[in-house]
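The values are calculated or read from the model by the stated rules, or taken from the named source; none is laboratory data. Quick caveat: nothing in here was measured; it's all calculated off a predicted structure. Because the Cβ atoms are built from the backbone with ideal geometry, glycine has one as well, and the counts that use them run over all protein chains shown.
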Amino acid sequence: MNQRTAVRNDAASALSRAHLRPSLLLLLAEAPSHGYELLEQVRALGVRLADPTGLYRALRSMDEDGLVVSWWERSQSGPDRRRYVITDAGREALEAFVAELRDARGMLDAVLDRYDQHSHSVRRRS
């Protein structure tokens, strides 16, 4: 693996971990859900490195922090499943995460715009 690939993989991994909780809160703000469904949905949101262990750890932590509530629900087919619902505190945390993401997007746009300007001027000089 070359340096560029290693940096890209590290960045993707860090972004995935950092955005798991806000992604889960967003999905639960849209509708209550079960763990397996949430795993599929966070992957669809781009949290590619989401795995069941990390997802359930995050959900348990958010439950302990009062951001979600959960309970066991009987399933018509298969084992009982845990259902997760966002709380008012979870909605407030989601708003805070979104504000942070908007700030981060602004910083990323500034870096990318400056890089594009730099690489464009370097190409013109060549």
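Residue selection: PRO32 satisfies the criterion of being of a type outside the set (A, V, I, L, M) and in contact (Cβ under 8 Å) with a residue 40 or more places away in the chain.
Residue by residue, here is whether (1) at pLDDT 95 or above; (2) within 30 Å of TYR36 (Cα to Cα); (3) not small (Gly, Ala, Ser) holds:
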residue: ASP88; (1), (2), (3): yes, yes, yes
residue: ARG91; (1), (2), (3): yes, yes, yes
residue: LEU94; (1), (2), (3): yes, yes, yes
residue: GLU100; (1), (2), (3): no, yes, yes
residue: ARG114; (1), (2), (3): no, no, yes
residue: ARG123; (1), (2), (3): no, no, yes
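Pairs are defined by a Cβ separation below 9 Å, a sequence spacing of at least 6 or placement on different chains, a first member in region 79-93 that is in a helix (DSSP H, G or I), and a second member that is charged (D, E, K, R) and surrounded by fewer than 16 Cβ atoms within 10 Å (Cβ to Cβ); the pairs so defined are ALA89/ASP65; GLY90/ASP65; ALA93/ASP65. Please work out if VAL111 is touching a helix residue (DSSP H, G or I) at 6+ places or on another chain (Cβ under 8 Å) and among the aliphatic types (A, V, I, L, M). Spelling it out, it is not the case that VAL111 is touching a helix residue (DSSP H, G or I) at 6+ places or on another chain (Cβ under 8 Å) and among the aliphatic types (A, V, I, L, M).
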